[in-house]
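Only one structure is covered here, and it is reproduced in the block below.
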Amino acid sequence: MAFEALDELYREVILDHFKSPRNHTPLSKFDVEQEGYNPLCGDQIKLQLEFQNGRVAKIGFIGKGCSISQASASILTEEVQGKTISEMEKEIQFFKSMMQGEVNCEDQDIGDLEALSGVRKFPVRIKCALLSWTTLEEALHFYQEKTKGA
Ligand code: ZN
């Protein structure tokens, strides 16, 4: 498996998130819920978000799958705390471009996200890393549809 070939530092960060995932609890109430599935690897993610004054007040995820998919979801939930929809959309675009190798992340302070950039070397695992982010993108889409007429 490609995972063993990741840089040690990246591997540590990913394993830490995989073993003690952050916000790995279903929320008692939420404004939007979205599920994502990566058939190539069997990864499953369910994201739940609660908004307050246009910002993420709470986010929870449940899921199962490989370490990269679950660590990515855990990192995502930390990244989006307190963010607005447009801030999250920017971050999703950044993350996608980073995983597709279109942006250089070396000079940017992106915290644990950087660990996931190591996955770029293994094209089959990129979908694992992207799963929670595309699920978030869909969740935001549905949330906006839902609140449009309100
Ligand atoms: Zn996977």
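Sort through 44, 48 and tell me the only one that's open to solvent by less than 30 Å² (accessible area, probe 1.4 Å) and in a strand (DSSP E or B).
Matching residue, one of 44, 48: 48.
State the number of residues belonging to region 30-46 that are of a type in the set (A, V, I, L, M) and within 16 Å of the ligand (Cβ to nearest atom).
2
Looking at this structure, is residue 71 touching a Pro at 6+ places or on another chain (Cβ under 8 Å), over 16 Å from residue 32 (Cβ atoms), touching a residue at least 12 places away in the same chain (Cβ under 8 Å) and open to solvent by less than 10 Å² (accessible area, probe 1.4 Å)?
yes
I'm checking my understanding of the structure. Among residues of region 108-131 that are in contact (Cβ under 8 Å) with a residue 40 or more places away in the chain and outside any helix (DSSP H, G or I), which one is nearest to residue 65 (Cα to Cα)?
122
May I ask you to say which residue of 56, 119 is more than 16 Å from the ligand (Cβ to nearest atom) and β-branched (Val, Ile, Thr)?
Checking each option against the conditions leaves just 56.
What is the one condition in (1) in contact with a helix residue (DSSP H, G or I) (Cβ under 9 Å, 6 or more places away or on another chain); (2) more than 23 Å from residue 5 (Cβ to Cβ) that residue 52 does not satisfy?
(1) is the only condition that residue 52 fails.
Could you say which residue among 34, 44, 48, 52 is polar (S, T, N, Q), over 15 Å from residue 136 (Cβ atoms) and modelled with pLDDT of 95 or more?
Exactly one residue qualifies, and that residue is 52.
So in region 63-93, with the set limited to residues that are within 16 Å of the ligand (Cβ to nearest atom) and part of a strand (DSSP E or B), which one is farthest from the chain's Cα centre (by Cα)?
So the residue we want is 64.
Looking only at residues that are crowded, with 17+ Cβ neighbours inside 10 Å and of a type in the set (Lys, Arg) in region 108-150, which one is farthest from residue 92 (Cα to Cα)?
Among those residues, the one meeting the criterion is 125.
I'd like the full set of residues that are in contact with a Gly (Cβ under 9 Å, 6 or more places away or on another chain), closer than 15 Å to residue 116 by Cβ and of a type outside the set (Gly, Ala, Ser), limited to region 42-75.
Passing the criteria: 43, 45, 66, 70, 75.
Kindly indicate which of 93, 100, 81 is under 16 Å from residue 22 (Cα atoms) and open to solvent by 70 Å² or more (accessible area, probe 1.4 Å).
The conditions single out 81.
The values are calculated or read from the model by the stated rules, or taken from the named source; none is laboratory data. Owing to the predicted nature of the structure, the values given are computational and were not obtained by experimental measurement. Here Cβ is always computed from backbone atoms with ideal geometry, including for glycine, and neighbour counts include all displayed protein chains. All accessible areas refer to the heavy atoms of the entire protein, side chains included, with ligands and DNA or RNA removed. Shrake-Rupley method; radii C 1.70, N 1.55, O 1.52, S 1.80 Å.
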